[in-house]
1. When region 81-99 is examined, which residues are found to be farther than 27 Å from PRO123 by Cβ and loosely packed, with under 14 Cβ neighbours inside 10 Å?
2. I'm told GLU102 meets every condition in (1) modelled with pLDDT under 95; (2) surrounded by fewer than 19 Cβ atoms within 10 Å (Cβ to Cβ); (3) outside any helix (DSSP H, G or I); (4) not aromatic (Phe, Trp, Tyr) except one. Can you identify the failing condition by its number?
3. Residue by residue through region 11-64, note down the ones that are assigned to a loop (DSSP other than H, G, I, E, B), under 17 Å from LEU122 (Cα atoms) and over 11 Å from the mean Cα position of the chain (by Cα).
4. Counting only residues that are assigned to a helix (DSSP H, G or I) and surrounded by 11 or more Cβ atoms within 10 Å (Cβ to Cβ), how many does region 121-157 have?
5. Against the condition in contact with a Pro (Cβ under 7 Å, 6 or more places away or on another chain), farther than 20 Å from ALA156 by Cβ and either at pLDDT 95 or above or not aromatic (Phe, Trp, Tyr) (or both), how does GLU62 come out, does it pass?
Amino acid sequence: MLSPNRPDVWLAQTATPMAGGRFTALHPRGSLDDHRYICDEAELRFLIADPLYAERAAELAERCRSLTAVFTLGEAGTGKDITGLAAQARPAPLDDGPHGAEDIAWLLYTGGTTGVPKAAMLPERALAQAWTSVAIGLDLPSDIRYLACAPISHAAGMLITPTLLAGGSGAGQVLRRQPLARDGRDRAHHGGPAGSDDDLRDS
């Protein structure tokens, strides 16, 4: 997964293990070398990317031996539009999927601050325990609203499911970062209905 914060990231996190797969995220601020290293070491087969990262996704598809397909969250000029494919899918009953408690659900990588990124394996039982512990073990307010500012494809995403389990809700996308501009400076994109700094201050 390579995307800024949007609901589709959480959907990919939860749907992948339920379909018998293993979820791995590429940090949206990561370098090409880090992304390539993770793809190769984790032997990732499919990459889902936000159209903002279409160019990076195409580079990885060309350079990473294990990648067999790229899917994009909307038309992007590379790969297949997974939102279009989803619209054509027939509804089916939701079940627990083929995974057992010891099967790896998430394979997440560190930021690589002391070298190359390092993998952390999270089996189904670990995720279930973490989510349940947060949902019932913390003194959460009765009206929970979770605003994730850090990438939900990584650690910030660990609080989404507990929030929903406890009856809360989450803000979709208020402010998300685009890739670095060619001159190396950050660019900000205001997602959702808000389209300006004034809108954000008033919300």
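The values are calculated or read from the model by the stated rules, or taken from the named source; none is laboratory data. Not measured: the values here are computed from a predicted model. All Cβ positions, even for glycine, are placed from backbone atoms using ideal geometry, and neighbour counts span all protein chains on display.
1. Our first condition is that a residue be farther than 27 Å from PRO123 by Cβ; within region 81-99, this holds for 81, 83-91.
Listed by number, the residues that qualify are THR83, GLY84, LEU85, ALA86, ALA87, GLN88, ALA89, ARG90, PRO91.
2. With (1) modelled with pLDDT under 95; (2) surrounded by fewer than 19 Cβ atoms within 10 Å (Cβ to Cβ); (3) outside any helix (DSSP H, G or I); (4) not aromatic (Phe, Trp, Tyr) applied to GLU102, the lone miss is (1).
3. Going residue by residue through region 11-64, those that are assigned to a loop (DSSP other than H, G, I, E, B) are 19-22, 24-31, 43-45, 50, 64.
With the extra rule that they be under 17 Å from LEU122 (Cα atoms), the set shrinks to 19-22, 24-26, 43-44.
Within region 11-64, ALA19, GLY20, GLY21, ARG22, GLU43, LEU44 qualify.
4. The initial filter retains those residues of region 121-157 that are assigned to a helix (DSSP H, G or I), namely 124-137, 155-157.
From what's left, surrounded by 11 or more Cβ atoms within 10 Å (Cβ to Cβ): 124-136, 155-157.
Residues flagged as assigned to a helix (DSSP H, G or I) and surrounded by 11 or more Cβ atoms within 10 Å (Cβ to Cβ) within region 121-157 amount to 16.
5. Numbers: in contact with a Pro (Cβ under 7 Å, 6 or more places away or on another chain): no; farther than 20 Å from ALA156 by Cβ: yes; either at pLDDT 95 or above or not aromatic (Phe, Trp, Tyr) (or both): yes.
For GLU62, the condition - in contact with a Pro (Cβ under 7 Å, 6 or more places away or on another chain), farther than 20 Å from ALA156 by Cβ and either at pLDDT 95 or above or not aromatic (Phe, Trp, Tyr) (or both) - is not met.
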